[in-house]
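Have a look at the structure below before the remarks.
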Amino acid sequence: MRLHRRTRLALRWVAILGGLLLGSAALLLFWGITLVQLGWEQQAAARGSPRVLASPGVLREAEPWTEEELATFFAASGFVPAPCHTPQPFAVCRQEQNFLLGPGVVQGTRDPVMVRPQRTGLVLQEATGRRLREVVLTPRVVALLPQQDVARWPVPLAEVSPHLVNAVVDLEDRGFLHHPGLSFRGLVRASLANLASGGVKQGGSTITQQVVKVLLLKPERRLSRKMLEAFLASLVEYRYSKREILEAYLNNAYFGQDGGISVVGVEAAARLYFGKPSKALELEEAALLAGLIAAPNRFNPFQHPEKARERRSQALLAMVREGHLRPGDAERAARAPLPRRPWPLRWGLAAHFLDLLPSDASGTLPTTMDPVVQEAVFHGVQAGLARLEQRFPALGAASGDPLQIAVVVVGRNGKLLALLGSREGKPGEFNRALAAQRPIGSLVKPFLVALALERGWQLEQTLLDEPLAVPVGRSVWTPQNHDGRFRGTVSLAEALVHSINVPMVRLGLALGLQDVTEMLRRLGFSPPGTPAEFLGAVEATPWQVARAFTPFIEQGKLLEPWALRQTRAPVQVFSREAVALTLGPLGEVVRRGTAAGFVTRCGGALAGKTGTTDNRRDSWFVSLRPRLLTVVWVGTDHNRETG
């Protein structure tokens with residue numbers, strides 16, 4: 001039977017339109033699948049923010065520690081001891097004089113470890129009764145460095161507390177495990193709530209839709225975006241498993257702010273709110289984090305504790321409703337105290353130490369920083385400057401040019417243990433330890449003595465301490481002693497112990513200006529090439545000074561202090577014998593020399609050297625212990641006299 005011409009034409013148009021519709025649908029499907037795949041691959045490849053770790057703390061059997069020292073050690077290592085009976089994961093429990101280290105605190109064991117201080121040393125013992133020779137703590141996370149003002153730490157779902165997984169699903173999307181990406185019940189519930197309120201109060205989005213919104217779409221409130229979100233959610237459900245979707249959700253959820261930094265993901269959030277990994281969260285902690293997802297600012301426990309408590313209770317009730325929690329456990333968790341303060345994702349005391357890290361750093365960055373030493377430096381600086389300003393009020397903050405300070409501490413093999421570049425050590429503040437070039441004064445004298453001993457001089461050899469005139473170009477330089485006196489003759493050792501200028505100038509002239517200049521250049525300085533360098537007319541940063549003094553703690557080897565990885569091999573600049581002999585007078589400096597009496601306030605072996613410039617504009621001290629070097633500079637930014 002032959003169709004009418006109009007019928008044939010209509011059928012032809014129907015076929016064309018049908019083909020166009022099918023083609024458009026195929027293109028839309030292909031575009032959606034491609035968009036989902038690219039977005040998913042991008043979030044899966046994200047490494048998260050660089051994580052900076054301190055050097056792990058170590059306790060050894062039979063080492064002498066007091067209870068107070070142990071408490072300080074654990075607190076600086078990131079585990080503040082609290083009185084309790086049973087140690088929780090990643091926490092230190094204090095029971096009278098004993099410390100119980102919960103699972104996760106000690107590397108290499110999942111069992112709790114007891115630390116008991118005794119007169120003869122420490123007793124280290126696992127819960128099983130096995131004695132340990134040493135324990136190595138889990139390294140403190142010093143900083144989670146933000147990228148584009150966002151701090152994130154992706155973790156596999158297996159490393160998230162089951163309490164947190166259940167709380168999030170039960171509170172945010174109870175049908176998550178069963179729906180295909182869209183929840184009809186949720187849409188109806190949200191629509192009724194919005195009609196009752198006369199505005200948009202609920203969105204009815206599933207966890208899958210939330211993932212789509214965060215990873216693939218812009219945060220717009222339009223119907224077209226909502227329809228696209230629903231379409232892409234169905235594709236995500238088709239392409240990925242529920243575990244993968246939930247993992248993506250937990251790693252990309254927003255949990256609030258740390259200063260001006262956005263905190264994204266449950267791991268970063270657990271560190272911020274509780275100072276522990278997400279896998280170690282207790283029930284009440286997991287419920288609190290689950291409740292934060294809906295509105296982190298409104299339910300912030302530090303700013304709105306009552307609302308945070310109510311929201312936590314809602315999460316606990318949701319877990320009871322879904323059968324993941326017994327009512328009694330929920331009631332106990334609801335009574336638990338809220339966290340009192342955040343754990344900043346960037347440890348404030350280490351801000352200047354972090355300046356040493358490369359700007360393009362990524363992944364996990366294990367550093368040499370000793371958190372106990374870093375904390376001791378910071379508090380020591382505060383106390384020391386307070387004493388100085390009490391003694392010299394004109395040097396205080398009211399002057400407009402207060403005292404500033406820089407400290408560098410170097411340990412075995414050149415490892416940088418601590419660094420502070422100002423009195424406050426704030427992020428972004430001028431780091432004087434790395435960047436402030438100041439004259440080093442008498443700190444140059446140990447190098448002259450070491451070079452002389454290399455040349456065969458003896459510490460008992462004498463030098464004239466009489467008025468001296470040194471031709472410099474068309475002028476004459478007449479160096480003076482700091483006390484204005486001349487002693488006739490002094491030994492090489494005494495000249496170093498009491499930092500007497502004129503004999504040291506004579507020593508430099510005897511060694512030869514060119515040779516001294518070359519020696520200082522090998523140490524990393526930039527000497528002027530004039531006799532004034534014999535008395536420290538050489539500018540250097542505290543960092544450069546620390547580097548130059550490493551031969552005195554490393555048997556004559558010059559080391560580059562390092563924080564992340566050692567980049568340069570050591571260079572032998574002095575013989576072991578010359579260094580050992582020079583350390584003798586430097587040990588007398590802290591007993592009866594320019595730092596007389598200092599050794600009585602410090603236990604153990606100690607040597608050192610002071611350094612000052614004209615009118616004490618700059619004051620230096622270098623402390624030398626076996627394999628431990630500390631450099632301290634004090635002065636003002638405007639280089640005024642300090643007296």
Practice item. Express in whole angstrom the spacing between the alpha-carbon centres of the stretch 421-445 and the stretch 473-495. Key: 29
**Study point:** Rough spin-label spacing in nm, given labels placed 7 Å along Cα→Cβ, for Gln95 and Arg576
**Key:** 4.8
Review point. With axes computed from alpha carbons, what is the tilt in degrees of helix 445-454 against the longest principal axis of the chain, rounded to the nearest 10 within 0 to 90?
Key: 70
Review point. Listed highest first by mean packing, meaning other Cβ atoms within 10 Å per residue, what order do 483-490, 553-560, 166-173 come in?
Key: 166-173, 553-560, 483-490
Revision key, fill the gap. Calculated from DSSP helices alone, with each H run of at least 4 adding -39500 (n - 2.57) and the total divided by the residues of the chain, [θ]222 nm to the nearest 500 comes to -12000 deg cm²/dmol
**Study point:** Dimensions (Å) - the stretch 526-600, Cα atoms, principal axes, largest first
**Key:** 39, 30, 24
Study note, to complete from the structure: Spelling it out for Ala540: with amide H atoms placed in the peptide plane at 1.01 Å from N, the residues 5 or more places away or on another chain with amide H under 5 Å from its amide H are Arg438, Ile440
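Could you tell me the relative contact order of the chain? Use alpha-carbon pairs under 8 Å, at least six residues apart, and round to a whole percent.
Answer for the chain is 11 percent.
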Review point. What spacing in nm lies between the two simple spin-label points modelled at Glu63 and His482, each 7 Å away from Cα in the Cβ direction?
Key: 3.5
Study note, to complete from the structure: Cross-link reach from Lys279 to lysines, straight Cα distance under 28 Å and at least 8 residues apart if same chain, gives Lys213, Lys242, Lys307
Review point. Accessible area per residue, 1.4 Å probe, Å², for the stretch 324-476: what's the number?
Key: 48
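Working out 0.36 nm times the residue gap between Phe302 and Arg110, then minus their Cα-Cα distance, what length gain in nm do you get to one decimal?
65.9 nm
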Review point. What share of the DSSP beta bridges in the chain is antiparallel, in percent to the nearest 5?
Key: 90
Study note, to complete from the structure: Taking the stretch 420-562, the whole-percent share of alpha-carbon pairs separated by over 21 angstrom is 47
Exercise for review: Using DSSP to define loop residues, name the GluC sites (Glu not before Pro) in the stretch 303-354 whose beta-carbon has at most 16 other beta-carbon atoms within 10 Å.
Suggested key: Glu322
Exercise for review: With the full set of protein chains in place, find how many percent of the accessible area of the stretch 209-307 is carbon and sulfur; take the probe as 1.4 Å.
Suggested key: 51
Practice item. Could you tell me what percent of the accessible area of the stretch 432-505 is made up of carbon and sulfur, with a 1.4 Å probe and every protein chain present? Key: 51
**Study point:** Computed FRET value (nearest 0.05) for Ala294 with Tyr238, which takes r as the C-beta separation and R₀ as 25 Å
**Key:** 0.40
Check your understanding: Using the alpha-carbon centroid of each, what span in Å lies between the stretch 48-66 and the stretch 266-288?
Key -> 22
Review point. Taking all protein chains as present, what is the carbon and sulfur share of the accessible area of the stretch 580-643, in % to the nearest whole number, probe 1.4 Å?
Key: 50
**Study point:** Overall Cα dimensions of the chain - principal axes, largest extent first, Å
**Key:** 131, 69, 48
Check your understanding: Quick one: helix 513-522 against the long Cα principal axis of the chain, what's the angle to the nearest 10°, folded into 0 to 90?
Key -> 20
Practice item. Could you do me a favour and compute the accessible area per residue for the stretch 79-186, 1.4 Å probe, result in Å²? Key: 53
Revision key, fill the gap. In degrees, nearest 10, the alpha-carbon axis of helix 576-592 is tilted away from the dominant principal axis of the alpha carbons of the chain by 80
Review point. If you average over every viewing direction, what projected area does the convex hull of the Cα atoms of the stretch 383-453 give, in nm²?
Key: 7.2
Exercise for review: Return the distance in nm (one decimal) between the two label points of a simple spin-label model at Glu518 and Arg474, each offset 7 Å from Cα along Cα→Cβ.
Suggested key: 3.1
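Between Glu560 and Ala510, take the C-beta separation as r, use R0 = 30 Å, and let me know the FRET efficiency to the nearest 0.05.
In this case the efficiency is close to 0.45.
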Check your understanding: Counting only the backbone N, which residues of the stretch 85-100 are under 19 Å from the spot 7 Å out from the Cα of Ala127 toward its beta-carbon?
Key -> 85-96, 98-100
Practice item. Report the FRET efficiency, 1/(1 + (r/R0)^6), for Gln461 and Glu331, where r is their Cβ-Cβ distance and R0 is 60 Å, rounded to 0.05. Key: 0.10
Point to revise | Zero-based 5 Å bins, Cα pair distances in the stretch 242-390, whole percents | key: 2, 8, 14, 17, 17, 12, 10, 8, 6, 4, 1, 1, 0
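The values are calculated or read from the model by the stated rules, or taken from the named source; none is laboratory data. Just so you know, these numbers come straight off a predicted model, no measurement behind them. Reconstructed Cβ throughout: ideal geometry from the backbone, glycine too, with neighbour counts over all protein chains shown. For the accessible areas, the whole protein counts, side chains as well, though only heavy atoms, and no ligand, DNA or RNA atoms are used. Shrake-Rupley method; radii C 1.70, N 1.55, O 1.52, S 1.80 Å.
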